[in-house]
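Each remark here refers to the structure printed beneath this line.
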Protein chains: 2
Amino acid sequence: MNQIGIQLFLELKVCDKKLLDNFDHVKSSMISAAKISGQEILAESFYKFSPLGVTGIVSIPKSHLSIHTWPELGYAAVDIFTAGESFYPKDAANILIDSLSCNDPSITEIKRG
Amino acid sequence: MNQIGIQLFLELKVCDKKLLDNFDHVKSSMISAAKISGQEILAESFYKFSPLGVTGIVSIPKSHLSIHTWPELGYAAVDIFTAGESFYPKDAANILIDSLSCNDPSITEIKRG
C-alpha cells in the first residue's frame with residue numbers, strides 16, 4: 001500500500017499563555033489554518049475548560065486538525081492529518097505557530113497508510 | 001515540563017472492507033471506544049464519502065479520537081489522544097481493532113508535552 005496521508009505533530013512550547021486560553025483566538029486560528037486546505041470544513045467543535053484550556057477539532061474531508069492547550073504551561077498539542085495533495089500541512093502549522101506566539105515549536109512528520 | 005498526554009497511532013490494515021464503509025458501524029465503534037474513557041463526549045462528527053470512506057472525530061475533555069477509512073484498501077488511520085489517567089487508550093484501540101475486524105493492526109505510542 002502506498003502512502004495515503006501525512007500527519008504533523010506540533011509540540012508547541014513557550015507559547016503566549018493568554019492566547020492559549022483565549023477561546024475565540026484559538027478557534028479563529030484553527031479555522032484559518034484549516035482554510036488553507038481549500039477544502040470544505042465539515043465540522044468544528046471547540047470547548048473552553050475551567051479554569052484553563054481549550055480543546056478544538058476541525059474536520060475536513062479525510063483530514064483534520066486538533067488542538068489541546070495547557071495555558072498554565074504555555075503548551076499546546078496540535079495534530080494536522082491530511083490525505084491528498086491539495087493541503088499543505090506545514091503552512092497550516094506555521095499559521096498556528098505564529099498565531100499562538102510559540103517560541104519553542106517542534107514539528108514531527110509521520111507517514112500514514 | 002512533564003509528560004502531559006499520550007497518543008496512539010493505529011495503522012489498521014487488512015480490515016473488513018464493508019465494515020470500513022459502513023457509516024453506522026464506524027460511528028458506533030468510535031463512540032463505544034470513546035465511552036471507555038468514562039468522560040463526557042463533548043462532540044462527535046462523522047461523514048460518509050462517495051463512493052467510499054468515512055471520516056469521524058469524537059471529542060472528549062482534552063482528548064479525542066479520530067478515524068479516516070479507505071475501504072477500497074482495507075485501511076483505516078486512527079488516532080487516540082488522551083491526557084489524564086482515567087482513559088486507557090489501548091482498551092479503546094482494541095475495541096476498534098476488533099470491531100473493524102482488522103487482521104494487520106499496528107499501534108505506535110508517543111508522549112505529548
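The values are calculated or read from the model by the stated rules, or taken from the named source; none is laboratory data. It should be emphasised that the depicted structure is a prediction, and the values quoted were computed from it without experimental measurement. Quick reminder, even Gly has a Cβ in these numbers, built from the backbone with ideal geometry, and neighbours come from all protein chains shown.
Considering the conditions (1) surrounded by 17 or more Cβ atoms within 10 Å (Cβ to Cβ); (2) out of contact with any strand residue (DSSP E or B) (no Cβ under 7 Å at 6 or more places or on another chain); (3) farther than 21 Å from A:Val58 by Cα; (4) not β-branched (Val, Ile, Thr), B:Glu11 is excluded by exactly one of them, (2). If the condition is being within 13 Å of chain A (Cβ to nearest Cβ), part of a loop (DSSP other than H, G, I, E, B) and more than 16 Å from B:Phe81 (Cα to Cα), then segment B:1-43 contributes B:Met1, B:Asn2, B:Val14, B:Cys15.
Checked across segment A:79-87, the condition of being out of contact with any Asp or Glu (no Cβ under 8 Å at 6 or more places or on another chain) and modelled with pLDDT of 95 or more holds for at least one residue.
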